[in-house]
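Structure first, then comments.
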Amino acid sequence: MRGSDGARRARSRLRAEASGAELRVVRGLGEPALFAVAASAIGATIYVALGLVAGDALALTPLAFLVAAIFFVLTMMTYVEGNSRHAERGGASTFARYAFNELWSFIAGWAILLDYLIVIALATFAISHYVAAFWGEAGSAGPELLIAAGAIAFIAVTNIRGLSAERMRLVLRIGLVNTVLLGALTIAAAITLWDPAAIVDSVDLGNTPEWDEFVFAAVVACIVLTGLEAASGFAGEIRVGRAALRRVVIVGAGGVLLAFVGVSIVALMAVPVENGATALGERYVEAPLLGVASAFDEAGLRDTFRYAIGATAAVVLLTAAQGQMLGLSRLAYSLATNRQIPSAVGKLGSRHSTPYVTIIVASLLTFALVIPRDVDFLAGIFAFGAMLAFTIAHVAVIVMRFREPDSKPAFRIPLSIAVGGASLPLPAVAGALLGTAGWISVIVLHDDALLYGGLWMLAGLVLYVVYRKTQGKSLVKRFTISAEALQKDLPGAEYGSILVPVLGTELDDDIVGTAGRLAREEAEPGEEVSIEAIYFIEIPMSLPINARVRDDRRAEIKNALARAKRVGEEYEGVNVHPTTVRTRTLGAGIVEEARRRGVEVIVLAAERPTRVRGGALLGGRGGPRDKFAGDMTRHVLEKAPCRVVLTAAPADDEGTREGVAP
């Protein structure tokens, strides 16, 4: 029996409680929330990375930032399409889940976790050096660690308390103020310190800087990309239309290009390269923009910018670190709900419904990274994890183009070419190649990155394998627990998923209804179940697999999937994920998707057996005729990697008949 209105309301209330107040307020923010996270990431990158990049790239620093900006734009388009296809928090980890399997999903997620920790450490470490504009001793060893510890504690408390609409609006306002300040600094420096020769004359290609140092500097400049991961943590919670997504891409691309290239050019004019080095990468490495402000000859202008930058940078770095902690906690929550790390790590607090265990552990690890006070070491390890994760993200979106050719996301990467039945996004290909080259350069040129980054990944893989094996779970299949289980420690609250082929017939309601009843009968209280509702489009061998589907049939398919979603989600705790898959034969397509998605059961409308009998010469089948199912059903029963539940209308069309095949 389908759920009543009361059951539907109960389900909605349960999900709202599990998600917490922070999710409710985010839904109303939409586009501004994305801009807020992106703006804080861009601002923090300038304040932190400028000195690190200039120390290696020297006079080619603007070129290194230009390369990073181009990679940022390519990766931003990849993330927007990936989140448009599958609106789930997790970023690169989620993309890898749908393109490959749970193991690759974990690898991407674990690499990004390391980057989050490092960016938070770098940001909180730099705060004290910008505060030195007001208190000269703030950048010394003792106060430096105390200020970083206080900042990390503040970040932990605010993230445990959860997100608020006012907080996101404040972050956006801070980002706008910072943009105005950086623009004013750039214009003032360009007017009073303009000297292109200071940059050009110090370049000696291959020597000053050396090529390996330039490449490493360009990779370090990609710190800004963690802002994309943090923003992707809002997937499924922010409602943004096609036009808004295009604006996010355009404004983000323009903003990062202007900020990175413009500020780095005037910075090198203000603090030029002399004798193969620049004070931006030495004396001012922890607070490079204070070095730019200190270069003004006029005392009033110099002091105004020093104080303005000192105060603004401290606030921007703090809010950026908060955004990174938000992204980290959401990613860890996603890994915990998908049984990729112990669920205890993703445990939700009863009051604020935030993963407080993750936040506390991450805060302790972050402070441990701050203690050595070695920003170059942190930058190297960051580059290892970042290039690996973002490369996986690009490749995953390319693969999804071929696995899900009929998907119509709200945003698609432009400049695509038709290849093998799908479209190949050239910007994603370029991003994958750049990411691969960057990752190889890091492991070849930076021994610490290879050692410590490799140890981090190895430790994560050991954790993943041991945890999955002790739970008796496959390394590649998806197993999920509900938010309610993380909040209340419900025992055994986990599930795989159910695959339901949608046929566009009157039987669809019965099939999805059977799946919904099965889900609720086998689930524990508070447990959620995922139904993969798939419309298989059979393409005959006489046509290419990417043959055009008539518009009227597309409309029928869309309506059938929409109805399946409505029927399935009438059952409490059931989530229906509709999609289309092209296949040559229905039976083979069902088996392949069940295997790829790692589902636990297939609920299938058994086709009636053919009435044609006789020998092969007459076009029939030899031997006795099956009494209950046809060729497609028999193929699924014989080849399926999981249980199969059959729902079929009997000959007199009265009711349904159900059976279970092991």
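The values are calculated or read from the model by the stated rules, or taken from the named source; none is laboratory data. On a predicted model such as this, the values are computed, not experimentally measured, just so you know. Heads up, the Cβs are rebuilt from the backbone with ideal geometry, glycines too, and the neighbour counts pull from every protein chain shown.
Looking only at residues in the stretch 167-212 that are over 27 Å from residue 304 (Cβ atoms) and of a type in the set (Gly, Ala, Ser), which one is modelled with the lowest pLDDT?
Checking each candidate, the answer is 206.
Determine if the stretch 213-224 includes at least one residue that is of a type in the set (D, E, K, R) and modelled with pLDDT under 90.
no
So the check is Cβ under 6 Å with 6+ separation or different chains; which pairs have a first residue in the stretch 101-112 that's touching a residue at least 40 places away in the same chain (Cβ under 8 Å) and a second one that's surrounded by fewer than 24 Cβ atoms within 10 Å (Cβ to Cβ) and not in a helix (DSSP H, G or I)?
Note: pairs meeting the criteria are 101/476; 102/476; 102/478; 103/475; 103/476.
Has the stretch 204-218 got at least one residue that is surrounded by fewer than 19 Cβ atoms within 10 Å (Cβ to Cβ), of a type outside the set (D, E, K, R), assigned to a helix (DSSP H, G or I) and in contact with an Asp or Glu (Cβ under 9 Å, 6 or more places away or on another chain)? Explain how you work it out, then say what you get.
The initial filter retains those residues of the stretch 204-218 that are surrounded by fewer than 19 Cβ atoms within 10 Å (Cβ to Cβ), namely 204-208, 210-213.
From what's left, of a type outside the set (D, E, K, R): 205-208, 211.
Within this subset, residues satisfying the condition of being assigned to a helix (DSSP H, G or I) are 211.
Subsequent filtering for residues that are in contact with an Asp or Glu (Cβ under 9 Å, 6 or more places away or on another chain) retains none.
No, the conditions are met nowhere in the stretch 204-218.
Starting from the stretch 247-264, keep only residues that are in the same structural domain as residue 43 (by TED's automatic domain parsing) and surrounded by fewer than 20 Cβ atoms within 10 Å (Cβ to Cβ), then list their pairs with residues that are small (Gly, Ala, Ser) and at pLDDT 80 or above whose Cβ atoms are within a distance under 6 Å, requiring at least 6 positions of separation or different chains.
Within 6 Å, the pairs are 257/69.
Of the residues 182, 74, which single one is under 15 Å from residue 389 (Cα atoms) and assigned to a helix (DSSP H, G or I)?
74
Residue 364 - would you say it is in contact with a Leu (Cβ under 6 Å, 6 or more places away or on another chain), assigned by TED's automatic domain parsing to the domain that holds residue 180 and more than 18 Å from residue 44 (Cβ to Cβ)?
Numbers: in contact with a Leu (Cβ under 6 Å, 6 or more places away or on another chain): no; assigned by TED's automatic domain parsing to the domain that holds residue 180: yes; more than 18 Å from residue 44 (Cβ to Cβ): yes.
Spelling it out, it is not the case that residue 364 is in contact with a Leu (Cβ under 6 Å, 6 or more places away or on another chain), assigned by TED's automatic domain parsing to the domain that holds residue 180 and more than 18 Å from residue 44 (Cβ to Cβ).
Taking residue 139, is it small (Gly, Ala, Ser), at pLDDT below 95 and surrounded by fewer than 24 Cβ atoms within 10 Å (Cβ to Cβ)?
yes
Check 598, 589, 573, 615 and return the single one that is out of contact with any helix residue (DSSP H, G or I) (no Cβ under 8 Å at 6 or more places or on another chain), in the same structural domain as residue 512 (by TED's automatic domain parsing) and at pLDDT below 80.
615
Among the listed residues 368, 386, 393, 336, which satisfies the condition of being on the phi < 0 side of the Ramachandran plot and without any contact (Cβ under 8 Å) to a residue 40 or more places away in the chain?
It is 368.
For the structure I just gave you, tell me whether residue 554 is over 21 Å from residue 638 (Cα atoms), in a strand (DSSP E or B) and of a type in the set (Lys, Arg).
On the way: over 21 Å from residue 638 (Cα atoms): yes; in a strand (DSSP E or B): no; of a type in the set (Lys, Arg): yes.
Considered against the rule, which asks whether it is over 21 Å from residue 638 (Cα atoms), in a strand (DSSP E or B) and of a type in the set (Lys, Arg), residue 554 comes out as no.
Report yes if some residue within the stretch 106-127 is more than 30 Å from residue 367 (Cβ to Cβ), part of a helix (DSSP H, G or I) and of a type in the set (Asp, Glu); otherwise report no.
Checked the stretch 106-127: no residue is more than 30 Å from residue 367 (Cβ to Cβ), part of a helix (DSSP H, G or I) and of a type in the set (Asp, Glu).
One line per residue, one yes/no per condition, for (1) of a type outside the set (A, V, I, L, M); (2) modelled with pLDDT of 85 or more:
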| site | (1), (2) |
| --- | --- |
| 426 | no, yes |
| 429 | no, yes |
| 444 | no, yes |
| 451 | no, yes |
| 454 | yes, yes |
| 466 | no, yes |
| 474 | yes, no |
| 480 | yes, no |
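Matching residues to (1) surrounded by fewer than 21 Cβ atoms within 10 Å (Cβ to Cβ); (2) closer than 19 Å to residue 41 by Cα; (3) small (Gly, Ala, Ser):
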site: 287; (1), (2), (3): no, yes, yes
site: 291; (1), (2), (3): no, no, yes
site: 301; (1), (2), (3): yes, no, no
site: 309; (1), (2), (3): no, yes, no
site: 322; (1), (2), (3): no, yes, no
site: 326; (1), (2), (3): no, yes, no
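Give 205, 146 a once-over and let me know the one that is in contact with a Leu (Cβ under 9 Å, 6 or more places away or on another chain) and free of Cβ contacts under 8 Å to residues at least 24 places away in the same chain. Quick ask: steps written out before the conclusion?
Working: 146 fails: in contact with a Leu (Cβ under 9 Å, 6 or more places away or on another chain).
Matching residue, one of 205, 146: 205.
Within the stretch 462-479, does at least one residue satisfy the condition of being in contact (Cβ under 8 Å) with a residue 60 or more places away in the chain, in contact with a strand residue (DSSP E or B) (Cβ under 6 Å, 6 or more places away or on another chain) and closer than 14 Å to residue 105 by Cα?
Yes, because at least one residue in the stretch 462-479 is in contact (Cβ under 8 Å) with a residue 60 or more places away in the chain, in contact with a strand residue (DSSP E or B) (Cβ under 6 Å, 6 or more places away or on another chain) and closer than 14 Å to residue 105 by Cα.
Suppose we keep only residues that are part of a loop (DSSP other than H, G, I, E, B) and surrounded by 24 or more Cβ atoms within 10 Å (Cβ to Cβ) within the stretch 77-105. Which one would you say is modelled with the highest pLDDT?
Narrowing the stretch 77-105 to residues part of a loop (DSSP other than H, G, I, E, B): 86-91, 100-101.
Okay, now just the ones that are also surrounded by 24 or more Cβ atoms within 10 Å (Cβ to Cβ), so 90-91.
Details: 90: 81, 91: 86.
Ranking the candidates gives 91 first.
Looking only at the stretch 329-361, count every residue that is of a type in the set (A, V, I, L, M) and under 20 Å from the mean Cα position of the chain (by Cα) and tell me the total.
Restricting attention to the stretch 329-361, the residues satisfying the condition of being of a type in the set (A, V, I, L, M) are 331-332, 335-336, 341, 344-345, 348, 357, 359-361.
Imposing the further condition that a residue be under 20 Å from the mean Cα position of the chain (by Cα) reduces the set to 331-332, 335-336, 341, 345, 359.
Within the stretch 329-361, residues that are of a type in the set (A, V, I, L, M) and under 20 Å from the mean Cα position of the chain (by Cα) number 7.
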